[in-house]
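What follows is one structure encoded as structure tokens, with my remarks underneath.
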Amino acid sequence: MNNGLSAYEAEKQLKKFGYNELPSGKPKSIGRIALEVMKEPMFLLLISCGGLYMLLTDYREGIILLSSTLLIIYITFYQYRKTEKALDALRSMASPRATVIRDGIETVIPGREVVTGDLLLLNEGNRIPADARILDSINLWVDESLLTGESLPVLKSVQEDPAHELCQANSGTLIVQGKGTAEVLATGTQTRFGKIGKVLESIEQDQTHLHQEMKKLIRTLFGIGFIICLGVVVAFYLTRGNFIASLLNGLASAIAILPEEFPVVLTVFLALGAWRLSRKNVLTRKPSAIESLGSATVLCNDKTGTITQNKMEIVALYNGKELFPKHHFSVNKEHLTDLTTAAWRASQRNPIDPMEMAIDAAYFELHQTTDVDYTLIKEYPLSRELFAMTRVAEGTNGETNSVSAKGAPEAIFKLCKLDEATIQKHLLIVHALAEQGYRVIAVAGAPMDHDTLPETQHGFAFTFLGLIGLEDPIRPEVPRAVQECHEAGIKVIMITGDYPATARSIARQIGIDPDAEVITGDALNKMSDDELKQKINRISIFARVVPEQKLRIVQALKANNEIVAMTGDGVNDAPALKAAHIGIAMGNKGTDVAREAASLVLLDDNFASIVSAIRLGRRIFDNLQKAMSYILAIHIPIIGLALLPAFMPALPLLLLPLHIVFMELIIDPVCSIAFESEQEEKGVMQRPPRNQAEPFFGRKKISWSVMQGLLLFIMVIGVYGVTKSEGHTEAEIRAIVFSALIIGNIFLILNNLSSTRSVLSVILEKNIAAAGILSVAMILLILITTVPYLQSIFSFQFPGIEHFLIAIAGALLLLVVLEGIKYFRWVTGKKLRRG
């Protein structure tokens, strides 16, 4: 008898090779998170702006900006910790333990303490803790779907060749039936799990296009801002000769030109986007994926556990004469009693094997009980020589004795000694079920004689009772989700380890073209990377695929400039999840390796949540683009009013630093919160994904923003001209012009909140955040123009309520012009899309 390792030997192995676990990153400290945040260019701009204001003695704005940096660090840290806590909870759901022989004694230890050379005892329901070689087995079936993608369990047995696949048990796989012993060959990073982890380490993830564009924009703004600010101070001093006024105007120019809102807005959008996704049971591990969601062009799906439920279900029963689909079982149960009873008695009680669980469920549906009414006398296990198993049962409570067998149709036909004509008749049904992607097993029964139990199953006089068709059912939400993806211009690709016939059947059920060309793993191996790149755009189904090939598929799609989202739950999916632009792992049934490689984790394993995430991603991107466009637009009149006095000595200072700070009180929350809260545009999922080659800050978008800003600037200058001609004082002119700027800014915000809906629709749809912020802005505007103390702080004088009518009229005219242009652009764009 093998006594296994001694405690001393196990301790030596543990010290030499380490624990049986995969390395994982240590939790980040507050300091490390803060450092990572501060290294980002967008946050460097924020800190630089705050420092600039402090140097120029504008302590209030400087403190506000630097404080906001601390707030952003807190938000980032909070989101990171929330993500890690959720993942820790998921890890704790599957902490395996192992039964080993140590010093000849059966011992239960944590899976992480298993070492090479350990003797494992394998029992039904155990998760194998390390890679091992089978030493002996009895009807040992192992579910390897987490590694191979195959939903059906595999029979393991002793082999002469120790390297033979059938005697290899892999770490993380599940024993669904039988028992055995095995010797541990590899632990930790040396297992198949560990080797996949090494592949993950070699994959580098790309920076998002928005991140790259933001870097360019920030560098450009730094250069332009510095030159203009210096030029303004010099020009103002040369034309007016007042150094203090020159510095004041230079400060206003600095505040106006450097749009510190960009980094704040991007961070807030991603943080709030992650929060919104979490409310839809989607955990965000990498916030950059939120930006990519709306641009996804291809969604690659691992079939098992993602498209399907990773369980078996009986969908057809054949009693030897007639084939009954699932929805006819209950009304024809008298024709199916012998078949289902024999199949049930040929299965384990309280089964773990998915096929036997399906038989148990079907038996209960037809008989309304699963109470055991027999005593098991003998079991003949399935073997390589005969792919069938038989259980001999003695009836209790008046029930009859029975011999029940189930297994591969060919094996059952052989046990029943059927003639060739009868076999061909039944094979027609077998082939018909197989073409639909069903797993087919046959069932037989025989009378029992206590005194003459044969040595083998061949000794019974079996009668053929029928066939059972099983399938791994698709998730009910998948067909609608696939349809929405097609409507949104997103190609859905199914990647599976199953045979082509099964893959086509699943494709037909979920809405993927079943007549499309199917590429198998063998065919994939024969293709070069260039051949795969050229052909992959025409392929929607990949069958008999292994993990390394999934990674090749993702890389080929990326080489064709596709934005790839990849779903999966197994260890075999992890490299592809990490390589994809958006890796989406299943939270409940997914492995730790898959979850940690992914950008997003579906906490409810609901396929429909992917579509909800894509919809939300498009909304976030749209609103982010509108917010950035608004920021560019509003800075045009601010820059114009700050620079104009430097080149026109007769023009008074219309915009002082405090005025710009007041505007920032509107701009910052509006672009960070109000735009983020705006609902999605109509038809957001009926348009193609955003062209990745199209820049976020493209010429058209910048031109439109600049034009909006120029129109607002022209309106304000027009109001200035009218009030100047009316003979108002400089302080009165400043109050009226500033009011025109604020009211025009409010109308600019309302116009930009939607690119397809009118201002009236936007107001009626009740964006609470926008309504609250703009209402506060109007109340503050009234206070600073009417309360004497506040008037003195802002260098205003109250000219009389009737003199503000010109500001309101100018802003309304601006709104009419902007709404007219919006409508024209929407109609033109609609015609172009139809064309």
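The values are calculated or read from the model by the stated rules, or taken from the named source; none is laboratory data. Bear in mind the structure is a predicted one, so any value in this text is a computation, not a measurement. With ideal geometry, Cβ positions are generated from the backbone for all residues, glycine too; neighbour counts draw on all protein chains shown. Only protein heavy atoms, including side chains, enter the accessible area calculation; ligands, DNA and RNA are left aside. Shrake-Rupley method; radii C 1.70, N 1.55, O 1.52, S 1.80 Å.
Can you pull the one-decimal nm distance between simple spin-label points at E365 and A650, each 7 Å off the Cα toward Cβ?
About 9.0 nm, to one decimal.
How do Y8, Y380 stack up against each other in accessible area, from largest to smallest, with a 1.4 angstrom probe?
Descending order: Y8, Y380.
At 1.4 Å probe size, put V787, V372 in order of accessible surface, largest to smallest.
Result, largest first: V372, V787.
So what is Rg over Rh here for the range 295-358, counting just Cα atoms and using Kirkwood for Rh?
Rounded to two decimals, Rg/Rh equals 1.17.
So, by mean Cβ neighbours within 10 angstrom, what's the order for 423-429, 388-394 with the highest one leading? Can you show the working numbers first?
Working: 423-429: 14.6, 388-394: 22.4.
Result, highest mean Cβ count within 10 Å first: 388-394, 423-429.
So which trypsin sites (Lys or Arg not before Pro) in the range 613-688 pass both tests, a DSSP loop state and at most 14 other Cβ atoms within 10 Å of the Cβ? Each step should come with its number before you reach the end.
Working: sites: R615, R618, R619, K626, K682; in loops: K682.
Counting only loop positions with at most 14 other Cβ atoms within 10 Å, the trypsin sites (Lys or Arg not before Pro) in the range 613-688 are K682.
Once you have the alpha carbon radius of gyration of the range 350-442, what is it after dividing by 2.2 N^0.38 Å, with N set to its residue count?
The reported ratio for this selection is 1.23.
Report S703's accessible area, 1.4 Å probe, all protein chains in place, as a number in Å² to the nearest 10.
S703 has an accessible surface of roughly 70 Å² with all protein chains in place.
For a quick size check, give me the Cα extents of the range 287-439 along its three principal axes, largest first, whole Å.
Its Cα atoms span 67, 39, 37 Å along the three principal axes.
Mind grabbing the base-10 log of I(q)/I(0) for the range 436-502 at q = 0.20 Å⁻¹? Debye formula, identical points on the C-alpha positions, no solvent, two decimal places.
-0.95
For a quick check of understanding: with a 1.4 angstrom probe and all protein chains in place, what accessible area in square angstrom does H367 have, to the nearest ten?
Approximately 50 Å² of H367 is accessible to the 1.4 Å probe.
In whole Å, what is the distance between the alpha-carbon centres of the range 758-835 and the range 541-566?
Using only Cα atoms to place each centre, the spacing works out to 49 Å.
Please report the orientation-averaged projected area of the range 410-552, defined via the convex hull of its C-alpha atoms, in nm². Before the final figure, lay out each step's value.
Numbers: hull surface 50.7 nm².
So the Cα hull casts an average projection of 12.7 nm².
Counting other Cβ atoms within 10 Å, keep those with at most 14, restrict to DSSP loop, and tell me which trypsin sites (Lys or Arg not before Pro) in the range 702-791 are left.
Qualifying residues, ordered by number: K766.
What is the ratio of the Cα radius of gyration of the range 745-793 to 2.2 N^0.38 Å, with N the residue count, to two decimals?
So the range 745-793 has a normalised radius of gyration of 1.43.
Provide Rg and Dmax in Å for the range 507-577, with only Cα atoms included in the calculation.
According to the Cα coordinates of the range 507-577, Rg and Dmax are 12.0, 32 Å.
So for F647, F675, what's the accessible-area order with a 1.4 Å probe, most first?
Of F647, F675, the descending order of accessible area is F647, F675.
Which loop GluC sites (Glu not before Pro) in the range 117-182, with loop taken from DSSP, have no more than 12 other Cβ atoms within 10 angstrom of their Cβ?
E160
Return the FRET efficiency for the residue pair S775, N691: r is the Cβ-Cβ distance, R0 is 25 Å, and the value is rounded to the nearest 0.05.
Here the calculated transfer efficiency is 0.05.
Rounded to the nearest 10 Å², what accessible area does H581 show when all protein chains are kept and the probe is 1.4 Å?
60
Would you please classify the overall shape of the range 385-491 from the alpha carbon gyration tensor, given that a ≥ b ≥ c denote the square roots of the eigenvalues, rounded means a/c under 1.5, and beyond that prolate means a/b larger than b/c while oblate covers the rest?
Because a/c hits 1.5 or more and a/b exceeds b/c, the range 385-491 counts as prolate.
Can you give me the P(r) profile for the range 687-777? Cα pairs, bins 10 angstrom wide beginning at 0, each as a whole percent.
With a bin width of 10 Å, the distribution comes to 14, 31, 32, 18, 4, 1.
I need the calculated FRET efficiency for the pair I782 and S761, taking r as the beta carbon distance and R₀ as 35 Å, to the nearest 0.05.
0.85
So what are the range 629-723's ellipsoid semi-axes, whole angstrom, largest first, if each one is the square root of 5 times an eigenvalue of the alpha-carbon gyration tensor?
Values: eigenvalues 211, 52, 28 Å².
Equivalent-ellipsoid dimensions as semi-axes: 32, 16, 12 Å.
List, in order, the whole-Hz ³J(HN,Hα) value for each residue of the range 127-143 obtained from phi through the Karplus relation with A = 6.51, B = -1.76, C = 1.60 and θ = phi - 60°; use x for Gly and Pro.
Residue by residue, the range 127-143 yields 9, 5, x, 7, 6, 8, 10, 5, 9, 7, 7, 10, 6, 8, 10, 10, 8 Hz.
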